[in-house]
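The values are calculated or read from the model by the stated rules, or taken from the named source; none is laboratory data. These figures come from a predicted structure and were not determined experimentally. A quick note on method: Cβ atoms are made from the backbone with ideal geometry, for glycine too, and the neighbour counts reach across all protein chains shown. Heads up: the accessible areas ignore ligands, DNA and RNA and are worked out on the full protein's heavy atoms, side chains in. Shrake-Rupley method; radii C 1.70, N 1.55, O 1.52, S 1.80 Å.
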Amino acid sequence: MTKIAIIDDHQLFREGVKRILEFEKAFQVVAEGDDGSDAITIVNAYNPDVVIMDINMPNVNGIEATRELSEKFPDTKIIILSIHDDENYVTHALQTGARGYLLKEMDADALIEAVKVVAEGGCYLHPKVTHNLVNEYRKLTAGRSGGGAFVQTLELRRPLHLLTRRECEVLQMLADGKSNRGIGEALFISEKTVKNHVSNILQKMNVNDRTQAVVVAIKNGWVEVR
């Protein structure tokens, strides 16, 4: 059983998130709070496995609470919820100890998948956030190479020594920032099949999560950055 705490200053949103999570038999929402200061008290009292926390809250915001929780309760895994998809927000959240970053426009499947991945020790970023980080990485790489031509002219070398052709297609779509549902619709396969492909990709590439897979793929010229 994965114990979860939800911290958000909007009660209706909290209730919606709780309702989605309670559809999963393996999830138990043990506490709720509406401020970052509540998060400290709740984790101390209930010891949840995962804390889902808004980034914008009065008094103590999600970033400040994440930093303090990471220092005092390093085993507690934190997923940030936000309306901001800017890479500065994302990197700041991750630097302070968050293991996941979701946008509030997420669907129910993404929320459930994120909690499962983070609870098992992985990291999970909203696909749109991943896409923005990839674009930022592309700019930095191009800048270090002395111009913008590096990434554009990099020879595309599909990792067929490592992945199947279908897995290469899925990896490209991960780099494009598509969700599991979006990949399934594009390739006319089920979301379950997509998840299996993603799991195989992570295992074969020896990485922990989708974002790491995309970064490694870009470094090796295995995907187009577009």
Q) Given DSSP loops and a limit of at most 10 other Cβ atoms within 10 Å, what is the longest stretch of the chain that contains no such chymotrypsin sites (Phe, Trp or Tyr not before Pro)? A) 24-187
(Q) Place a point 7 Å from the Cα of Ala108 along the Cα-to-Cβ direction; which residues of region 168-184 have their backbone N under 20 Å from it? (A) 179-184
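Kindly rank 107-118, 48-59, 200-211 from highest to lowest mean number of other beta carbons found within 10 Å of each residue.
Numbers: 107-118: 18.4, 48-59: 21.3, 200-211: 16.6.
Final packing ranking: 48-59, 107-118, 200-211.
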Q.
Just the number please: accessible area per residue for the chain, 1.4 Å probe, all protein chains included, in Å².
A. 50 Å²
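Convert 10 °C to kelvin, take the viscosity as 1.306 mPa s, use the Kirkwood radius over C-alpha pairs of the chain as Rh, and evaluate the Stokes-Einstein diffusion coefficient in µm²/s, rounded to a whole number.
Details: Rh = 18.3 Å.
Reported coefficient: 87 µm²/s.
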**Q.** Net dipole in debye of the chain [+1 Lys, Arg Cβ; -1 Asp, Glu Cβ; about Cα centre; nearest 20]
**A.** 1160 debye
Q: Classify region 1-78 as rounded, prolate or oblate from the Cα gyration tensor: take a ≥ b ≥ c as the square roots of its eigenvalues, call it rounded if a/c is under 1.5, otherwise prolate when a/b beats b/c and oblate if not.
A: oblate
Q: Return the distance in nm (one decimal) between the two label points of a simple spin-label model at Glu64 and Ala45, each offset 7 Å from Cα along Cα→Cβ.
A: 2.1 nm
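Only sites in a loop by DSSP and with at most 12 other Cβ atoms within 10 Å count here; which GluC sites (Glu not before Pro) in region 1-104 make the cut? Let's see the in-between values first.
Details: sites: Glu15, Glu22, Glu24, Glu32, Glu64, Glu68, Glu71, Glu87; in loops: Glu22, Glu24.
Within region 1-104, the qualifying GluC sites (Glu not before Pro) (loop, at most 12 other Cβ atoms within 10 Å) are Glu22.
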Q. What residues qualify as long-range amide H neighbours of Tyr101, i.e. H under 5 Å apart, gap of 5 or more or another chain, H built at 1.01 Å from N?
A. Ile80, Tyr124, Leu125, His126
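Give me the percent of accessible area attributable to carbon and sulfur for region 55-113, probe 1.4 angstrom.
Values: 1210 of 2730 Å².
Carbon with sulfur: 44 percent of the solvent-accessible area.
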Q) Counting other Cβ atoms within 10 Å, which trypsin sites (Lys or Arg not before Pro) in region 62-96 have at most 11 and lie in a DSSP loop? A) none
Q.
Over 20 Å between Cα atoms: which of Lys18/Lys77; Lys3/Lys77; Lys104/Lys128; Lys192/Lys219; Lys25/Lys192; Lys128/Lys204 fall into that group?
A. Lys192/Lys219; Lys128/Lys204
Q. Quick one: if you stick a label point 7 Å off each Cα along the C-beta vector at Glu120 and Arg166, how many nm between them?
A. 1.9 nm
